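Undergrad: Would you mind keeping the following structure in view while I ask a few things?
The values are calculated or read from the model by the stated rules, or taken from the named source; none is laboratory data. All values derive from a computational prediction rather than experimental measurement. Glycine also receives a Cβ, built like all others from the backbone with ideal geometry; neighbour counts cover every protein chain displayed. The area values use the complete protein model at the heavy-atom level, side chains included, leaving out ligands, DNA and RNA. Shrake-Rupley method; radii C 1.70, N 1.55, O 1.52, S 1.80 Å.
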Amino acid sequence: VAKQRARTKPKTPMSLDQAVGRMRVQNPALTDEQGRFLADKSTRVEGEGRVWRFDPLHRTTSPMPFREEVFATFLDRIGVPTLVVGADKGFRLADEPARDGRIAQHEVAEIEGSGHMVHWEKPAALAAHIAAFVRRSEDA
């Protein structure tokens, strides 16, 4: 049912600026330059306007409900050094430290001044954390 609904829902055309506006709802720090670049790459021209390129199935409900015990099992099985990236303005779960702690060899990096889309908002800071983590992992 979800697949059928995703394929048949009519697409509402919009302008590039409207796409940027929609992106800013979740990412208010998005600059005009970043927004126009990302909106251009995230949409395609269709008819009189633009529509999102993403897979419509991403907007449907999963047939598999989230189950904490299943997720915990996956985390427990991660056996390689893992960098967990968080953002100080992003949505956080109360049990996040406990979830992170299930990963045996984890390190947490907190990106200040960023929300969920760290790679858009603070790409240099994110790259620096990743590069440092890789160097430390190679030295270990």
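Undergrad: Would you point out which residue out of F66, F74 is open to solvent by 100 Å² or more (accessible area, probe 1.4 Å), modelled with pLDDT under 95 and closer than 30 Å to Q105 by Cα?
TA: On the way: F74 fails: modelled with pLDDT under 95.
Only one candidate passes the filter, namely F66.
Undergrad: Which ones in region 53-63 are in a helix (DSSP H, G or I) and either in contact (Cβ under 8 Å) with a residue 60 or more places away in the chain or open to solvent by 70 Å² or more (accessible area, probe 1.4 Å) (or both)?
TA: Listed by number, the residues that qualify are H58, R59.
Undergrad: Between a first residue in region 1-28 that is at pLDDT below 85 and a second residue that is part of a loop (DSSP other than H, G, I, E, B) and aliphatic (A, V, I, L, M), which pairs have beta carbons less than 6 Å apart while being 6 or more apart in sequence or on different chains?
TA: Listed pairs, sorted by first residue: N27/M117.
Undergrad: Please give the helices (runs of 4 or more DSSP H) falling wholly within region 91-140 in which 2 or more residues are within 27 Å of D32 (Cα to Cα).
TA: On the way: elements: 96-101, 118-121, 123-139.
Helices (runs of 4 or more DSSP H) meeting the threshold: 118-121, 123-139.
Undergrad: I'd like the full set of residues that are assigned to a strand (DSSP E or B) and open to solvent by less than 60 Å² (accessible area, probe 1.4 Å), limited to region 20-47. First the steps, then the outcome.
TA: Here is the first cut: in region 20-47, the ones assigned to a strand (DSSP E or B) are 43-46.
Listed by number, the list holds a single entry, T43.
Undergrad: Exactly one of (1) touching a strand residue (DSSP E or B) at 6+ places or on another chain (Cβ under 6 Å); (2) in a loop (DSSP other than H, G, I, E, B); (3) modelled with pLDDT of 85 or more is unmet by R50. Its number?
TA: For R50, the failing item is (2).
Undergrad: Of all residues in region 84-121, count the ones that are in contact (Cβ under 8 Å) with a residue 24 or more places away in the chain, among the charged types (D, E, K, R) and open to solvent by less than 80 Å² (accessible area, probe 1.4 Å).
TA: As a first pass, look at region 84-121 and keep what is in contact (Cβ under 8 Å) with a residue 24 or more places away in the chain: 84-91, 99, 102-118, 120-121.
So of that shortlist, the ones also among the charged types (D, E, K, R) come out as 88-89, 99, 102, 107, 110, 112, 121.
Pick out the ones that are also open to solvent by less than 80 Å² (accessible area, probe 1.4 Å) and you get 88, 99, 107, 110, 121.
Number satisfying all stated conditions: 5.
Undergrad: Here's something else I'd like to know. Can you say whether T12 is farther than 25 Å from E112 by Cα, outside any helix (DSSP H, G or I) and open to solvent by 50 Å² or more (accessible area, probe 1.4 Å), as far as the supplied structure shows?
TA: Values: farther than 25 Å from E112 by Cα: yes; outside any helix (DSSP H, G or I): yes; open to solvent by 50 Å² or more (accessible area, probe 1.4 Å): yes.
Considered against the rule, which asks whether it is farther than 25 Å from E112 by Cα, outside any helix (DSSP H, G or I) and open to solvent by 50 Å² or more (accessible area, probe 1.4 Å), T12 comes out as yes.
Undergrad: Which of the residues that make up region 125-140 are of a type in the set (V, I, T) and open to solvent by less than 60 Å² (accessible area, probe 1.4 Å)?
TA: As a first pass, look at region 125-140 and keep what is of a type in the set (V, I, T): 130, 134.
Once the filter is applied, which keeps residues that are of a type in the set (V, I, T) and open to solvent by less than 60 Å² (accessible area, probe 1.4 Å), region 125-140 yields nothing.
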